[in-house]
Amino acid sequence: MSTSPAPDPEPGHPASITSIAAEAGVSVPTVSKVLNGRPDVAAETRARVEGLIERSGYRRRRARQSSRPALVDLVFHEMNSVWATQIIRGVERAAAEERAAVVLSELGGAHRPPGEWFDDLLARRPLGVILVLAELDEEQRARLTARSIPFVFVDTAGEPPPGVPTVGSTNWAGGLAATRHLISLGHRRIAVISGPTAVLCSRARVDGYRSALESGGIPVAPELVRYGDFYVNGGYSHGMDLLTRPDRPTAIFAGSDFQALGVMRAAGELGLSVPGDLSIVGYDDLPVTEWIGPGLTTIRQPLPEMAATAAQMVFTLARGERPAVERIDLATELVVRQSTAPPRG
């Protein structure tokens, strides 16, 4: 990789690469190496230059032409399910239209990229970054901004920072619709197994569940509100616990289709029929849900469309434009199949 100086910022910016080098007491190529994520810079020097870049508000000018391949980094906190495949499909569809390639990363369950991953990303210099159920700290956001690498969140783990483009779905409305469907069938003892409490969409689905119960005049029973992990094991373990209670629920809203499958497994091992003894509603509408027996009633979350929308926002930002809307929540939809029915008796 060339160590030639990075381009100066556009007119009106408060600093240039030359002034940063002078203030840091290093050469212009050294500052360029830091901007390009090169590893051959001493840690102390790198920290000093990064600090000056952030404090000065330096922002790299976007190159008009480049021989480098157009890359988009797609970052998952975990990537071991069909759910992730749906996201990948949507991003790749949008990237193909822009003749860009997609680089996949998985954070092993963490919600924030480690320093080594971040350095590798800077060395790749992608057009932009899409983070799925992941987040960046303030320093990481500043470093990407200084290099004019846009980033967009999909289903943020926490509350998205102001001004950061974010794509999600109407999670509160999805939780409301799932629970109202069960209430309309006559269920009154309804449990929920959502995802981790630290994840924003998980809490929003529970809030929708609570609102549906309250508007239906049904008290919210704390023992029926559970937080799992969005995976089969979480649905199975919480399902076993709920269904072996003497006052077990007659219906369960699982905050993901995988957790719904875990609940079905627990019900089957306990000799309970679905939907005869227990109604179950999932969330996501993954392709498998219409093929299992019974077919799973679920909330359709438009995952490929969410991913494609995030990718399109990245390309818009990479062209130096701002998206018309920075926070987009796509609509969810109740899909009724055979796993829900009125309670017996």
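Brief remarks follow.
- Only one of Gly168, Gly174 that is open to solvent by less than 20 Å² (accessible area, probe 1.4 Å) and within 16 Å of the chain's Cα centre (by Cα): Gly168
- The residues on offer are Arg112, Arg99, and the sole one that is assigned to a loop (DSSP other than H, G, I, E, B) and farther than 21 Å from Thr166 by Cα is Arg99.
- Among residues of region 233-246, those that are open to solvent by 60 Å² or more (accessible area, probe 1.4 Å) and either assigned to a loop (DSSP other than H, G, I, E, B) or among the small types (Gly, Ala, Ser) (or both), counted: 4
- Scanning region 6-18 turns up no residue that is at pLDDT 70 or above, of a type outside the set (Val, Ile, Thr) and in a loop (DSSP other than H, G, I, E, B).
- Residue in region 117-125 that is modelled with pLDDT of 80 or more, among the small types (Gly, Ala, Ser) and either outside any loop (DSSP other than H, G, I, E, B) or open to solvent by 80 Å² or more (accessible area, probe 1.4 Å) (or both) present: yes
- Residues (out of contact with any Leu (no Cβ under 9 Å at 6 or more places or on another chain) and modelled with pLDDT under 95) located in region 257-291: Pro287, Trp291
- Scanning region 208-223 for residues that are within 22 Å of Asp241 (Cα to Cα), surrounded by fewer than 22 Cβ atoms within 10 Å (Cβ to Cβ) and within 26 Å of the chain's Cα centre (by Cα) gives a single hit, Arg210.
- The residue that is farthest from Ala310 (Cα to Cα), counting only those in region 134-164 that are under 12 Å from the mean Cα position of the chain (by Cα), open to solvent by less than 30 Å² (accessible area, probe 1.4 Å) and not aliphatic (A, V, I, L, M), is Gly158.
The values are calculated or read from the model by the stated rules, or taken from the named source; none is laboratory data. The structure displayed is predicted, hence computed values, not measured ones. When we count neighbours, we look across all protein chains shown, and the Cβ atoms used for this are built from the backbone with ideal geometry, even at glycine. Heavy atoms of the whole protein, side chains included, go into the accessibility calculation; ligands, DNA and RNA do not. Shrake-Rupley method; radii C 1.70, N 1.55, O 1.52, S 1.80 Å.
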